[in-house]
Amino acid sequence: MTGPLVPDPENPRLTRSVSAVDHEGNVRDIQVVEERPLTIFLNSQEIVTAMTIGDYPEYLAVGYLRNQGMLHDDDTVKSVDFDEDLETVVVRTARRTNYEDKLKKKTRTSGCAVGTVFGDMMEGLEDLQLQGVRVRVSDLHALAHQINTMPSLYLTAGAIHGTVLCKDDRPLVYMEDVGRHNAVDKISGWMFLNDISAEDKLLYTTGRLTSEMVIKTGLMGIPTLVSRSGFTGWGVEIAKQIGLTLIGRMRGKRYLCLNGAERLVLDTSDTNAVRPQENERSRQSG
């Protein structure tokens, strides 16, 4: 891959024009993000219907199934078929599957474009212990600058979350969607279908570091999760449990390291790291 896989703000399917009246009474045409239902099938079984912007449906379907434990790392995916008219994706595997019992235990997750996980999802974390890697703060600064200036639907229409898979100071894949969980699933699907290793990667997200985000990152095997937004208590607890390096409120030269601070390489003279014990009164920002 010569450059990062990035969103296509010019894709006419992803946004549309609507009229709005501003604070001065002027009528303006603005771009808004589209939402479309996408029903995911695993072999002959309907699994879930997700609300999504509609790009990279194959990656979303495969990544969702992988992050729900329905698609195993050693599974052979025979085909991934997207039908735009029916708004469905069918993932077919060599292994016969039946998740009827699992589907009975759904949990709706918090956040925009409410996500769905399954009640036994935590079981995959019981024996998980990520092998943390060193993270250079200079790489974090470089990534934040690059990501903020990359083409995105957010700059065109807003109301959307972005997630970026990175290695060192290089963005590899940038995905956006109305729900941060969808963006992560797209990256997971891309990694699975392209046989991309996770142990030396970093995940950067614009959304909050919730339990679902931490769980999905851990199950993908990615050892570092970074956000420019805030975090939840359960998300922090799970990060500590599985050994995930967790960094929130990454804005400019400042950040909060919630877990794994010993893995940070403070290689910039102007590093302005803020650790929880140093700023106990700080308020969550997202």
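The values are calculated or read from the model by the stated rules, or taken from the named source; none is laboratory data. Keep in mind it's a predicted model, so treat the numbers as computed, not measured. Here the Cβ is made from the backbone with ideal geometry for all residues, glycine too, and neighbour counts use every protein chain on show. SASA here: full protein model, heavy atoms, side chains in, ligands and nucleic acids out. Shrake-Rupley method; radii C 1.70, N 1.55, O 1.52, S 1.80 Å.
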Check your understanding: What pairs can you find where one residue is in region 7-24 and among the polar types (S, T, N, Q), the other is part of a strand (DSSP E or B) and open to solvent by less than 30 Å² (accessible area, probe 1.4 Å), and their Cβ atoms are less than 6 Å apart, with a gap of 6+ or different chains?
Key -> Thr15/Val33
Point to revise | Asp185 vs. criteria without any contact (Cβ under 8 Å) to a residue 40 or more places away in the chain and either of a type in the set (Gly, Ala, Ser) or closer than 25 Å to Glu199 by Cβ (or both) | key: no
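Hey, among the residues in region 70-92 that are in contact with a Lys or Arg (Cβ under 6 Å, 6 or more places away or on another chain) and over 20 Å from Ile222 (Cα atoms), which one's most open to solvent (accessible area, probe 1.4 Å)?
Of region 70-92, the ones in contact with a Lys or Arg (Cβ under 6 Å, 6 or more places away or on another chain) are 75, 78-79, 92.
Going one step further and asking which of them are over 20 Å from Ile222 (Cα atoms), we end up with 78-79, 92.
Working: Lys78: 146, Ser79: 32, Arg92: 98 Å².
Here the residue is Lys78.
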Study note, to complete from the structure: Contact list, first residue from region 165-177 and on the phi > 0 side of the Ramachandran plot, second anywhere and acidic (Asp, Glu) and at pLDDT 95 or above, beta-carbon distance below 7 Å, six or more apart or interchain, is Asp168/Asp139
Study note, to complete from the structure: Considering only strands (runs of 3 or more DSSP E) wholly within region 1-59, the ones with at least 2 residues that are of a type in the set (S, T, N, Q) and open to solvent by less than 50 Å² (accessible area, probe 1.4 Å) are 45-52
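Restricting the search to region 17-40, which residues are of a type outside the set (Asp, Glu) and more than 21 Å from Arg180 (Cα to Cα)?
Passing the criteria: Ser17, Val18, Ser19, Ala20, Val21, His23, Gly25, Asn26, Val27, Arg28, Ile30.
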Exercise for review: Scan region 62-69 and give yes if some residue there is farther than 25 Å from Pro171 by Cβ, in contact (Cβ under 8 Å) with a residue 24 or more places away in the chain and open to solvent by 20 Å² or more (accessible area, probe 1.4 Å), otherwise no.
Suggested key: yes
Exercise for review: Filter region 123-141 down to residues that are open to solvent by less than 30 Å² (accessible area, probe 1.4 Å) and of a type outside the set (Val, Ile, Thr) and give me whichever is nearest to Glu237 (Cα to Cα).
Suggested key: Leu125
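Give the residue that is nearest to the chain's Cα centre (by Cα), with candidates limited to residues of region 46-59 that are more than 14 Å from Glu35 (Cα to Cα) and touching a residue at least 40 places away in the same chain (Cβ under 8 Å). Working first, answer last.
Residues of region 46-59 more than 14 Å from Glu35 (Cα to Cα): 46-48, 58-59.
This time we only want the ones that are touching a residue at least 40 places away in the same chain (Cβ under 8 Å), so: 47-48, 58-59.
Details: Ile47: 20, Val48: 18, Glu58: 15, Tyr59: 12 Å.
My answer is Tyr59.
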